[in-house]
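Student: Here it is, the structure in full.
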Amino acid sequence: MEFAWTPAQDAYRQQVRLALDELLPVDWAEISQDGMGSARQIDYSRVFARALADRGLLVPHWPAARGGRDASPWEQFILAEEMKSVGEPRGPQYMNVNWIGPTLMRYGSPQQQEEHLARIAAGSVVWCQCYSEPGAGTDLAALTTKAERRGDAYIVNGQKIWTSYAACADWCFLLVRTGSGRKDVSILLLPMSTPGIEVRPFPGLVEDGHLNEVFFTDVEVPATAMLGEESRAWEIVLYALSFERVGIPRYHIGREVLEWAVGQLRREGRFDDIARARAAGIVAGFETARLLTYLVVDQRAKDMPPTTDGNVARIAAAEACTELSDFLLTYTPDCLTGGDHVLNAFYRGNISATIAAGTYELQLNLIAQQGLGLRRAA
Amino acid sequence: MDFDLSADQQALVSGLQAVMRPYEDLTAAERKSFCCYRPALQRALRDAGFFDVASHGLGTLEAGLVAVTAANSPCAAEVATSALVWPAVLDGTPTGPVAYVSGDLNKAARFLHVAHHALIDTGEDLVLADVSAGDVQEVETILAYPYGRFVAKDVVRRGRSLGRAALALARRWARIALALEFAGAAERAVAFTVDYVKQRHAFGQPIGSFQAVQHRLAQCHQLTRGMRYTALYAAWKGSDMAANIAANTAQRHAGKLCFDLHQFNGGMGVTNEHSLHLWTHRLRALQGELGGAQGAALALADELWPAAGAQAARADFVAALAI
Ligand SMILES: Cc1cc2nc3c(=O)[nH]c(=O)nc-3n(C[C@H](O)[C@H](O)[C@H](O)COP(=O)(O)OP(=O)(O)OC[C@H]3O[C@@H](n4cnc5c(N)ncnc54)[C@H](O)[C@@H]3O)c2cc1C
């Protein structure tokens with residue numbers, strides 16, 4: 001055990017920071033003000049991710065044969081930290097490079113790999129993930145969107161919801177039911193321009209771009225677009241989700257937001273000991289989350305099977321963020337009325353941070369049952 | 001960054017566990033008591049060289065591993081101060097337990113009744129005092145550590161001044177030592193409780209199968225993971241910021257841990273023989289030491305947001321780039 005970064009990791013982080021300095025346009029603050037799901041930021045992600053790819057910084061962790069250079073998960077994570085700390089200019093493409101691409105490498109047919117991987121590695125394509133439905137969120141296996149085989153094609157009917165980025169996406173990673181058993185599900189890869197798909201954005205508390213309903217009406221998808229075998233996708237879903245075990249590093253933006261609040265309190269002469277202690281406690285919470293996240297990256301870098309430390313790190317980060325939201329509204333109640341985009345984005349993003357990609361309670365279930373070995377109630 | 005123990009570290013921890021293992025079985029009298037302190041364990045740890053790991057070519061992180069592991073034991077052994085605070089300010093090895101005393105010298109201090117030495121934070125100076133039998137009086141408490149207080153009035157005068165620089169170092173390492181002790185005791189208290197809820201049945205099933213129990217235990221587990229790694233990081237880093245973060249992370253959550261863990265042990269948990277208190281009462285003892293979570297947080301705040309004109313420390317303690 002030891003906690004130092006290697007000189008190579010430090011140098012790599014500097015390289016990423018330099019690239020960000022050089023690549024981000026002067027109006028980046030404006031482009032990113034409505035969050036990574038906004039149409040404007042997604043548009044820009046197509047420019048940015050391409051430029052990043054040109055510098056070898058989009059998929060460094062991919063195998064050399066696929067356009068990467070077999071970089072370790074540490075580098076992948078350093079990249080994620082640095083991207084997130086400036087507002088994630090890769091937009092939704094972080095999903096492509098982190099889990100869609102790797103899942104296609106493992107389960108895709110040669111044609112599917114041929115069709116998709118180079119495009120992802122070039123930074124020119126936006127995907128969305130269509131899993132959740134009105135009646136199937138935490139209980140994903142309750143999904144009802146159906147794909148029926150007809151000749152060389154599947155006909156899809158049903159509805160998805162909360163599909164982030166769907167309104168701007170080019171491609172869809174779609175989970176459908178293909179049999180009567182609970183886990184008889186399959187994955188289809190299809191262009192969002194396929195006739196019969198309708199995306200309806202709806203307003204909500206979270207940032208732009210996340211809240212979409214996606215309707216599928218007699219959507220015809222060639223059978224060759226199925227990832228893996230019919231009705232065997234549960235394993236693929238678990239594999240894809242396992243990449244999300246290292247959560248999105250939210251501590252940078254959290255620290256930025258906290259500094260804003262502290263700055264205001266100091267200017268107004270209100271940064272008393274109670275507020276100081278609470279603010280410092282939040283920093284301690286963020287740093288704890290960061291360290292626990294590094295623990296998970298280390299496990300991943302060593303190819304260890306997933307542990308519940310991933311769930312632990314996620315809830316540690318979520319709790320620190322939640323404490324910060326509460327601090328903001330307690331000590332700087334005007335934080336949401338001054339038109340500050342970073343504060344708005346933090347607050348709004350935080351509401352769903354304990355819901356999207358597996359709820360807080362689901363994480364606790366997993367820690368208790370898989371980590372502590374407690375069994376479910378009969 | 002590598003979170004796995006190296007071969008040397010693993011050998012150190014296994015060796016320590018082997019020394020502690022015979023002390024896992026408590027005597028009937030100990031099982032009814034509030035505190036289990038064994039001079040023989042204390043001597044065994046010293047003789048095996050666990051208090052001077054640094055002189056065996058290992059560093060403060062290894063001393064931290066010793067402290068956190070030793071705190072797992074049902075027996076309260078004085079390890080953290082000897083292994084971490086002493087070497088930060090003094091050469092050589094203590095001849096026996098070291099009490100770290102700060103604040104009012106008339107109050108009871110952990111390990112003082114059994115200590116050979118006291119490191120005394122007078123507020124201005126760090127003083128090393130050798131402690132002999134007539135200097136202290138035992139104080140009986142429910143807090144699962146041996147406590148004592150000074151009866152001799154001239155201890156500080158008789159002691160050796162180590163100076164202000166040593167005081168600053170001692171304060172830093174005392175917080176780190178505290179965080180490690182806290183983490184070790186908390187981990188064991190959670191493991192003990194997880195074990196209990198698997199065995200104890202209610203309504204025809206283990207109480208650990210109820211989600212209300214599972215969720216809170218999962219949260220307790222999460223807290224101990226954070227405590228372990230912030231404390232070990234602080235032992236490795238040896239900075240004030242890391243020390244304050246570790247102490248705050250531990251002390252801040254004592255209330256939740258003790259509440260939940262006692263709840264889930266039910267009526268059994270309030271019997272001495274059940275032993276839960278040997279760890280939870282240590283958490284309670286540590287909770288308010290050295291200024292408690294608030295003190296650590298304010299010290300951290302002073303570093304992060306110093307008075308106008310002073311230089312702010314880097315805000316992230318696991319700095320993305322070397323601080
Ligand atoms: C901003 C945002 C973006 C999203 N993006 C996407 C996306 O791109 N693609 C996609 O497919 N989905 C997406 N989702 C959907 C997300 O995955 C689901 O919202 C999530 O899985 C929870 O499902 P649900 O909303 O149906 O809540 P429910 O499952 O109805 O849960 C409601 C409450 O019940 C609790 N609960 C449920 N089951 C249990 C249990 N067994 N034990 C204890 N408590 C339980 C939950 O923890 C929660 O507190 C997104 C959601 C949000 C908010």
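The values are calculated or read from the model by the stated rules, or taken from the named source; none is laboratory data. What you see is a predicted model; the values in this text were computed from it and never measured. All Cβ positions, glycine included, derive from the backbone under ideal geometry; neighbour counts span all protein chains shown.
Student: Which one of these does A:L364 not meet: (1) away from the ligand (no atom under 16 Å from the Cβ); (2) more than 19 Å from the chain's Cα centre (by Cα); (3) at the interface with chain B (Cβ under 7 Å from one of its Cβ atoms)?
Tutor: Single failed check for A:L364: (1).
Student: From the list B:S275, B:S239, which residue is small (G, A, S) and at positive phi?
Tutor: After applying the criteria, what remains is B:S275.
Student: Need pairs with beta-carbon distance below 6 Å; first residue outside any loop (DSSP other than H, G, I, E, B) and within segment B:203-216, second away from the ligand (no atom under 15 Å from the Cβ) and of a type in the set (D, E); sequence gap 6+ or separate chains.
Tutor: B:R216/B:D260
Student: Select, from A:R177, A:R149, A:R119, the only residue that is out of contact with any strand residue (DSSP E or B) (no Cβ under 6 Å at 6 or more places or on another chain), of a type in the set (D, E, K, R) and assigned by TED's automatic domain parsing to the domain that holds A:L227.
Tutor: So the residue among A:R177, A:R149, A:R119 that is out of contact with any strand residue (DSSP E or B) (no Cβ under 6 Å at 6 or more places or on another chain), of a type in the set (D, E, K, R) and assigned by TED's automatic domain parsing to the domain that holds A:L227 is A:R149.
Student: Anything in segment A:332-346 that is surrounded by 20 or more Cβ atoms within 10 Å (Cβ to Cβ) and more than 17 Å from the chain's Cα centre (by Cα)? List them, or say none. Please lay out each step first, then the result.
Tutor: Step one: of segment A:332-346, the residues surrounded by 20 or more Cβ atoms within 10 Å (Cβ to Cβ) are A:332, A:335, A:343, A:345-346.
Once the filter is applied, which keeps residues that are surrounded by 20 or more Cβ atoms within 10 Å (Cβ to Cβ) and more than 17 Å from the chain's Cα centre (by Cα), segment A:332-346 yields A:T332, A:C335, A:L343.
Student: Quick one: is A:A313 within 16 Å of the ligand (Cβ to nearest atom), touching a residue at least 12 places away in the same chain (Cβ under 8 Å) and either within 13 Å of chain B (Cβ to nearest Cβ) or under 20 Å from the mean Cα position of the chain (by Cα) (or both)?
Tutor: no
Student: Among (1) closer than 21 Å to A:R348 by Cα; (2) away from chain B (no Cβ under 14 Å), which single condition is A:W99 missing?
Tutor: (1)
Student: Output the residue which, of all residues in segment B:277-323 that are outside any helix (DSSP H, G or I), more than 10 Å from chain A (Cβ to nearest Cβ) and modelled with pLDDT of 90 or more, is farthest from B:S73 (Cα to Cα).
Tutor: My answer is B:P306.
Student: Return the total of residues in segment B:236-261 being surrounded by fewer than 24 Cβ atoms within 10 Å (Cβ to Cβ) and not polar (S, T, N, Q).
Tutor: To start, the set of residues in segment B:236-261 that are surrounded by fewer than 24 Cβ atoms within 10 Å (Cβ to Cβ) comprises B:236-240, B:252-256, B:258-260.
Those still in the list that are not polar (S, T, N, Q) too: B:236-238, B:240, B:252-256, B:258-260.
Total satisfying the criteria: 12.
Student: Applying the selection to segment B:186-243, what residues are within 7 Å of another protein chain (Cβ to nearest Cβ), polar (S, T, N, Q) and farther than 30 Å from B:D302 by Cα?
Tutor: Hits for segment B:186-243 are B:Q205, B:S209, B:Q211, B:Q214.
Student: Failed condition for B:N272, given (1) away from every other protein chain (no Cβ under 14 Å); (2) modelled with pLDDT of 95 or more, with all others met?
Tutor: B:N272 satisfies every listed condition except (2).
Student: Of A:A320, A:A357, which residue is near the ligand (Cβ under 9 Å from one of its atoms), outside the structural domain of A:L140 (by TED's automatic domain parsing) and touching a residue at least 40 places away in the same chain (Cβ under 8 Å)?
Tutor: When all the criteria are applied, what remains is A:A357.
Student: Are any residues in segment A:215-229 surrounded by 17 or more Cβ atoms within 10 Å (Cβ to Cβ) and touching a Gly at 6+ places or on another chain (Cβ under 9 Å), and if so, which ones?
Tutor: Hits for segment A:215-229 are A:F216, A:V219, A:L227, A:G228.
Student: Let me ask something else about it. Pull out all pairs, ordered by first then second residue, where Cβ-Cβ is under 6 Å, the residues are six or more apart or on different chains, the first lies in segment A:197-212 and is basic (K, R), and the second is assigned to a strand (DSSP E or B).
Tutor: Correct list of pairs: A:R200/A:E213.
Student: Check every one of the strands (runs of 3 or more DSSP E) wholly within segment B:32-150 and list those with 2 or more residues that are touching a Gly at 6+ places or on another chain (Cβ under 9 Å). Working first, answer last.
Tutor: On the way: elements: B:98-102, B:117-121, B:126-130, B:136-139, B:147-150.
Once the strands (runs of 3 or more DSSP E) in segment B:32-150 are filtered for at least 2 residues that are touching a Gly at 6+ places or on another chain (Cβ under 9 Å), what remains is B:98-102, B:117-121, B:126-130, B:136-139.
Student: At negative phi, away from the ligand (no atom under 13 Å from the Cβ), not in a strand (DSSP E or B) and not assigned by TED's automatic domain parsing to the domain that holds A:G91, is that true of A:T194? Walk me through it before giving the result.
Tutor: Working: at negative phi: yes; away from the ligand (no atom under 13 Å from the Cβ): yes; not in a strand (DSSP E or B): yes; not assigned by TED's automatic domain parsing to the domain that holds A:G91: yes.
Yes: the conditions hold for A:T194.
Here's the yes/no breakdown for (1) β-branched (V, I, T); (2) at the interface with chain B (Cβ under 9 Å from one of its Cβ atoms):
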site	(1), (2)
A:Y251	no, yes
A:R267	no, no
A:D272	no, no
A:V283	yes, yes
A:A289	no, yes
A:D309	no, yes
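Student: Among the numbered criteria (1) buried (at least 20 other Cβ atoms within 10 Å of the Cβ); (2) more than 10 Å from every other protein chain (Cβ to nearest Cβ); (3) assigned to a helix (DSSP H, G or I), which one does B:L169 miss?
Tutor: With respect to (1) buried (at least 20 other Cβ atoms within 10 Å of the Cβ); (2) more than 10 Å from every other protein chain (Cβ to nearest Cβ); (3) assigned to a helix (DSSP H, G or I), B:L169 is out only on (1).
Student: Could you check segment A:284-300 and list, in sequence order, the residues that are under 19 Å from the mean Cα position of the chain (by Cα) and over 22 Å from A:R255 (Cβ atoms)?
Tutor: The one that is under 19 Å from the mean Cα position of the chain (by Cα) and over 22 Å from A:R255 (Cβ atoms): A:R300.
Student: Would you confirm whether or not segment B:151-162 contains a residue that is in contact (Cβ under 8 Å) with a residue 40 or more places away in the chain and among the charged types (D, E, K, R)?
Tutor: No, segment B:151-162 contains no residue that is in contact (Cβ under 8 Å) with a residue 40 or more places away in the chain and among the charged types (D, E, K, R).
Student: Kindly evaluate A:I236 against the criterion of being surrounded by 18 or more Cβ atoms within 10 Å (Cβ to Cβ) and within 30 Å of A:A320 (Cβ to Cβ).
Tutor: On the way: surrounded by 18 or more Cβ atoms within 10 Å (Cβ to Cβ): yes; within 30 Å of A:A320 (Cβ to Cβ): no.
Considered against the rule, which asks whether it is surrounded by 18 or more Cβ atoms within 10 Å (Cβ to Cβ) and within 30 Å of A:A320 (Cβ to Cβ), A:I236 comes out as no.
Student: Right, something else. Just the residues that are buried (at least 18 other Cβ atoms within 10 Å of the Cβ) and more than 13 Å from chain A (Cβ to nearest Cβ), please, taken from segment B:1-18.
Tutor: B:L16
Student: Residues A:D334, A:D303: which one is away from the ligand (no atom under 16 Å from the Cβ), among the acidic types (D, E) and within 14 Å of chain B (Cβ to nearest Cβ)?
Tutor: Of A:D334, A:D303, the one residue that is away from the ligand (no atom under 16 Å from the Cβ), among the acidic types (D, E) and within 14 Å of chain B (Cβ to nearest Cβ) is A:D303.
Student: Can you tell me which residue in segment A:172-183 is nearest to the other protein chains (Cβ to nearest Cβ), limited to those that are touching a helix residue (DSSP H, G or I) at 6+ places or on another chain (Cβ under 8 Å) and within 13 Å of the ligand (Cβ to nearest atom)?
Tutor: Going through the qualifying residues, I end up with A:L175.
Student: Being within 9 Å of the ligand (Cβ to nearest atom), away from every other protein chain (no Cβ under 14 Å) and under 19 Å from the mean Cα position of the chain (by Cα) is the filter here; which residues of segment A:137-167 pass it?
Tutor: A:G137, A:L140, A:K160, A:I161, A:W162, A:T163, A:S164, A:Y165, A:A166
Student: Okay, moving on. In segment A:89-136, what residues are near the ligand (Cβ under 10 Å from one of its atoms) and in a loop (DSSP other than H, G, I, E, B)?
Tutor: Answer for segment A:89-136, where residues must be near the ligand (Cβ under 10 Å from one of its atoms) and in a loop (DSSP other than H, G, I, E, B): A:P92, A:Y131, A:S132, A:P134, A:G135.
Student: Scan segment A:332-378 residue by residue and report those that are over 21 Å from A:G209 (Cβ atoms) and of a type in the set (S, T, N, Q).
Tutor: A:T332, A:T337, A:Q363, A:N365, A:Q369, A:Q370
Student: Would it be correct to say that A:R69 is assigned by TED's automatic domain parsing to the domain that holds A:L18, more than 30 Å from A:D34 (Cβ to Cβ) and part of a loop (DSSP other than H, G, I, E, B)?
Tutor: Yes: the conditions hold for A:R69.
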